[in-house]
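Here is the structure we will look at, set down as structure tokens.
The values are calculated or read from the model by the stated rules, or taken from the named source; none is laboratory data. Everything numeric in this text was worked out from a predicted model, so none of it was measured. Positions of Cβ are backbone-derived with ideal geometry, glycine not excepted, and every protein chain shown enters the neighbour counts. Only protein heavy atoms, including side chains, enter the accessible area calculation; ligands, DNA and RNA are left aside. Shrake-Rupley method; radii C 1.70, N 1.55, O 1.52, S 1.80 Å.
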Amino acid sequence: MRAPPPEPTPPIRAPKQGETAWLLVQIRWVGIASLVATLAYSVKVLQLDLPLEPLAGVTVLLVFYNLLTAVSVTRSTILPDWVIVAQLALDTVALTLLLALTGGAQSPFSMLLVVPPLLAVSLCAPLSAVPIYLLSNAAMSFLVALAVGAGPAPTGLILAFVLTSTLMVWFVLRLRLSMAAREAAIEELRRAKAEADQLVGLGLLASGMAHELGTPLTTLAVTLDDWADIGPPEGEALAPELDRMITQLHRCRAIVSRTLQAAGRERLEAAADVPAEAEIRRILATWSGSRGRARVPLVAASSLRGARILTAPIFEAALVNLLDNAESLAPGTLSATLACEGGRLELVLSDRGPGFPETVLAHPGAPFLSGSGQPGRGLGLFLARNAIDRLGGRMELRNTSRGAAVRVSLPLLARSSSEETRHE
């Protein structure tokens, strides 16, 4: 048995390239300001004898160079790795000159040479950062060599600097690898969630279409079975039967067309801001009419005046699914209440049936979990729950003394001031 191939290492992505150029300019300004402040403190307070003219010359060149860079780049400028490496190499050389003029390897600021390789490995691809890493270590070796003729040479500083820079660069590189892996995992989760959302939407549409097609197809099947047994009617009795069958076929065609149109809008592009009570009444009336049932009685609280919700085709499909499930177990006993509680719309659908099985109540909305025991059942509650969740709502199942109840809670949208004034 062949072993599975190892998972590929996620690619190391640099930070947002549009921010790299401006970030380097900002860091350089901070470095120049710190340099000027340090020189002023050393001369005025510590009374150190420093070569001010060469130091001023290097500082002016850095200011001039950073001004040119700041003028030529914006926050959206994309810099290739070689340009970033060139800028960091120039910064490393300038820092080395400043350290050579202010004490060399014995300067307490010599460890700042570790900053360029850290920036390089943070902003560039790992291989592109190698030249800056080598240049920084060479610069420290140069500063130590300058100190050989000026007294005791801190030769151990070279080894300490190499070890420090290597460990820090390795740590930043590992951090970037971890962040790249985390970003890849998050992206995979987003992709999986998007696919799951699409499947939920398509499942709701398919389930709703299956329920809607049940009535006309049953009518056609019964009629054709009768014709197969006793033969088609003769004379004038045939025309009404044919018209009834044609009507049912047109109804099937309309159901399929409407479902296909809704499937193209399933990623909430069709979401709309609608009056809450009117939308619920419309869905209940549409369901009752398409199933040939009496209209579901709805008791709505007066506090719903002006209340609005965000709805979409998947929400209507979810409610239709819940209504079909209740009607199949307790025909003709459905009722609904609508209220507004704590900034949320509370819809309760009740029936006088046998109630939910304990397995369903213990795991509400779990897929393929049904009290009927029939294969292929148990997706209705799962699809409805996911559709309601996508709109920021919640679905709760419970049994009452009279039967089963489903509580659907949706967030209410903010009312406009004109609506509030009108309803007051």
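Scan (1) in a helix (DSSP H, G or I); (2) over 16 Å from GLN87 (Cβ atoms) for the single condition PRO108 breaks and write down its number.
(1)
Considering the stretch 305-319 alone, what residues qualify as being at pLDDT below 85 and more than 26 Å from the chain's Cα centre (by Cα)?
ARG305, GLY306
Please enumerate the residues belonging to the stretch 5-37 that are open to solvent by 50 Å² or more (accessible area, probe 1.4 Å) and modelled with pLDDT of 75 or more.
Listed by number, the residues that qualify are TRP22, LEU23, GLN26, ILE27, TRP29, VAL30, ALA33, SER34, VAL36, ALA37.
Considering only residues of the stretch 273-320 that are part of a loop (DSSP other than H, G, I, E, B) and either open to solvent by 50 Å² or more (accessible area, probe 1.4 Å) or hydroxyl-bearing (Ser, Thr, Tyr) (or both), which is nearest to ALA339 (Cα to Cα)? Don't jump to the end; show me each part of the working.
In the first step, residues of the stretch 273-320 are kept if they are part of a loop (DSSP other than H, G, I, E, B); the result is 292-297, 301, 305-307, 312.
Subset that is either open to solvent by 50 Å² or more (accessible area, probe 1.4 Å) or hydroxyl-bearing (Ser, Thr, Tyr) (or both): 292-295, 297, 305.
Values: GLY292: 27, ARG293: 24, ALA294: 22, ARG295: 19, PRO297: 14, ARG305: 10 Å.
So, considering only residues that are part of a loop (DSSP other than H, G, I, E, B) and either open to solvent by 50 Å² or more (accessible area, probe 1.4 Å) or hydroxyl-bearing (Ser, Thr, Tyr) (or both), the one nearest to ALA339 (Cα to Cα) is ARG305.
Kindly evaluate PRO131 against the criterion of being at pLDDT 90 or above, more than 37 Å from the chain's Cα centre (by Cα), at negative phi and open to solvent by 10 Å² or more (accessible area, probe 1.4 Å). Write out each step before concluding.
Details: at pLDDT 90 or above: yes; more than 37 Å from the chain's Cα centre (by Cα): yes; at negative phi: yes; open to solvent by 10 Å² or more (accessible area, probe 1.4 Å): yes.
Judged against the criteria, PRO131 is a match.
Conditions tested, residue by residue: (1) in a helix (DSSP H, G or I); (2) more than 18 Å from ALA330 (Cβ to Cβ); (3) modelled with pLDDT of 70 or more; (4) not acidic (Asp, Glu).
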{"position": "ALA384", "(1), (2), (3), (4)": "yes, no, yes, yes"}
{"position": "SER409", "(1), (2), (3), (4)": "no, yes, yes, yes"}
{"position": "LEU412", "(1), (2), (3), (4)": "no, yes, yes, yes"}
{"position": "SER418", "(1), (2), (3), (4)": "yes, yes, no, yes"}
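Only residues in the stretch 331-349 that are without any contact (Cβ under 8 Å) to a residue 40 or more places away in the chain count as the first member; pair them with residues that are open to solvent by 50 Å² or more (accessible area, probe 1.4 Å), Cβ under 6 angstrom, at least 6 apart or cross-chain, and list the lot.
Qualifying pairs under 6 Å: SER335/PRO297; THR337/VAL299.
Looking only at the stretch 223-272, filter to residues that are modelled with pLDDT of 85 or more and within 50 Å of the chain's Cα centre (by Cα); which one of those is surrounded by the most Cβ atoms within 10 Å (Cβ to Cβ)?
The extreme case among them is MET245.
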